[in-house]
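Data block below; observations after.
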Amino acid sequence: MPPGLPQQLIALVLLGVIVWQGLTNHKRTDDLIFGQHKLMALTQELRGKQFVIESQNETLAAQVDARTSELRESNMRLATANLELLELDKLRSAVLSNVSHELRTPLTGIFGSAQNLRDGLAGGLTTAQQEYVGMIEKDSGRLIRVVNELLEWGRLQAGHIELDRAAVPLQPMLAEVAVLLRPVADRKGVQLSMPDGESTVHVQADADKLKQILINLVDNAVKFSPPQSRVDVRIETNRQAVKILVEDQGVGVSLEDRPHLFERFYRGHGAEAAAGSGLGLAIAKNLARLHGGDIALQSGAARGSVFVLSLPMEAEA
Ligand SMILES: Nc1ncnc2c1ncn2[C@@H]1O[C@H](COP(=O)(O)OP(=O)(O)O)[C@@H](O)[C@H]1O
Ligand SMILES: [Mg+2]
C-alpha cells in the first residue's frame with residue numbers, strides 16, 4: 001500500500017460523511033419549509049373560515065333582531081284588535097238588547113190587539129177579516145218568540161242569568177208544557193204523550209228556565225214531526241242523573257247536521273220550511289249546562305230523533 005493512502009481514505013470517508021450529512025440536512029430543511037408553507041396555508045384558510053362565521057353571525061343577529069321587532073309589532077296589533085273586538089262585542093250586546101226591547105213592546109201591542117179583534121171586542125168579524133187577524137196574530141207571535149230568544153241569548157252571552165233554584169217536581173212541570181204545546185200537536189195530528197202522573201221525581205232547578213228548555217225540546221219534536229205520528233216524553237233516573245227523553249218519529253237529524261245542531265242560528269237541512277231562528281237548542285243547551293246538566297242528541301234511532309236532557313240528581317237532604 002503506498003504511504004499516505006490511509007489518510008487519503010480517511011479524508012475521503014470524512015468527505016463522504018460530510019456530503020451525506022449536508023444532503024440529509026438539506027432534505028430536512030426542505031421538509032421544514034414545506035411544513036411551514038402548509039401551516040401558513042391552513043392558518044389562512046382558518047382565518048377565512050372565521051371571517052365567514054363572523055359575518056354569518058352578524059347576519060343571524062340582524063335577522064333575529066328584525067324578527068323580534070316584527071313579533072313585537074304583531075303582538076301590539078293583536079292586543080289592539082282584541083280591545084276593538086271587546087268594544088265591538090259590548091256594542092253588539094247593547095244594540096241587540098236595545099233593539100229587542102224596542103221591538104218587543106210594539107209587537108206585544110200588535111199581538112194583543114189582534115187577539116182582542118179575534119175575540120170580538122171591536123164587533124163581529126167577517127170570515128175574511130178573521131183570517132187576516134189570525135195571520136197577524138200568528139206572525140206577531142212568531143216575531144215575539146224570535147225577539148225573546150235573541151234577548152235570552154244576549155243575556156246568556158253576557159253572563160247575566162242567575163238561576164233561582166228550588167226542588168221542582170218534574171211530572172207537573174211536564175204537564176204544564178203539554179198544556180202549552182198540545183194544541184199545536186193536535187193541529188198537526190201529532191200525539192203527544194207525557195209520563196204518567198205517578199212519577200215523583202224532583203230536580204233542583206230554576207223552574208222557569210227548566211220549562212223553557214222543555215218547551216224548546218218538545219216544540220222541536222212536534223215541529224219536525226209528520227202528521228199522524230207520536231212524540232213521547234219519558235223520565236229515566238239513576239243515582240247521578242235525571243234524564244228527560246223527548247222522542248219523535250220525524251225527519252231525524254242528518255250526519256252532516258249533527259255536529260252543528262247546538263250552534264247559535266244553526267238550522268238543519270230541511271228545516272227551512274218550519275218557523276224558527278235556530279237559537280232554541282243553543283239557548284236550551286246553555287241553560288242545561290248552567291244547571292250542571294246537558295242536552296244531547298241520542299244517536300241510533302232508526303227514524304226520528306231522541307233528544308236527552310240530563311240534570312244532576314238532587315242531593316238527598
Ligand atoms: N226533533 C228534531 N228533529 C229533527 N231535527 C231537529 C229536531 N230538533 C232540532 N232539529 C234541528 O236542529 C236545528 C236547530 O234547532 P233549534 O235551535 O231549536 O232551531 P229552530 O227550532 O229555530 O230551527 C233545527 O233547525 C233542526 O234542523
Ligand atoms: Mg227550536
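The values are calculated or read from the model by the stated rules, or taken from the named source; none is laboratory data. If you're wondering where the values come from, they're calculated on a predicted model, not measured in any experiment. Heads up, the Cβs are rebuilt from the backbone with ideal geometry, glycines too, and the neighbour counts pull from every protein chain shown.
Looking for whichever is more than 25 Å from Leu163 (Cβ to Cβ) and surrounded by 13 or more Cβ atoms within 10 Å (Cβ to Cβ) here; the options are Val233, Val203, Val242, Val222. Which one fits?
Within the list Val233, Val203, Val242, Val222, the selection yields Val222.
Can you pull out the residues in segment 156-169 that are of a type outside the set (Val, Ile, Thr), out of contact with any strand residue (DSSP E or B) (no Cβ under 6 Å at 6 or more places or on another chain) and touching a residue at least 40 places away in the same chain (Cβ under 8 Å)?
Matches in segment 156-169: Leu156, Gln157, Ala158, Ala166.
Among the residues of segment 246-264, write down those that are within 14 Å of the chain's Cα centre (by Cα) and either among the charged types (D, E, K, R) or within 9 Å of ligand 1 (Cβ to nearest atom) (or both).
His260, Leu261, Phe262, Glu263, Arg264
Being farther than 26 Å from Val146 by Cα, among the aliphatic types (A, V, I, L, M) and within 14 Å of ligand 1 (Cβ to nearest atom): is that true of Leu287 here?
Answer is no for this residue.
For the subset of segment 265-276 comprising residues that are crowded, with 17+ Cβ neighbours inside 10 Å and farther than 19 Å from Lys211 by Cβ, which member is farthest from ligand 2 (Cβ to nearest atom)?
Residue satisfying both the conditions and the ranking: Gly268.
Report every pair of residues separated by at least 6 positions or lying on different chains whose Cβ atoms are under 6 Å apart, first residue within segment 98-119 and in the same structural domain as Val133 (by TED's automatic domain parsing) and basic (Lys, Arg), second part of a helix (DSSP H, G or I) and at pLDDT below 95.
Close Cβ pairs (under 6 Å, with a partner that is part of a helix (DSSP H, G or I) and at pLDDT below 95) amount to Arg104/Val147.
Would you point out the residue of segment 277-304, among those that are charged (D, E, K, R) and either in a loop (DSSP other than H, G, I, E, B) or buried (at least 19 other Cβ atoms within 10 Å of the Cβ) (or both), that is modelled with the highest pLDDT?
Lys285
Where in segment 156-227 are there strands (runs of 3 or more DSSP E), lying wholly inside it, with at least 2 residues that are in the same structural domain as Val253 (by TED's automatic domain parsing) and within 16 Å of ligand 1 (Cβ to nearest atom)?
Here the list reads 191-193.
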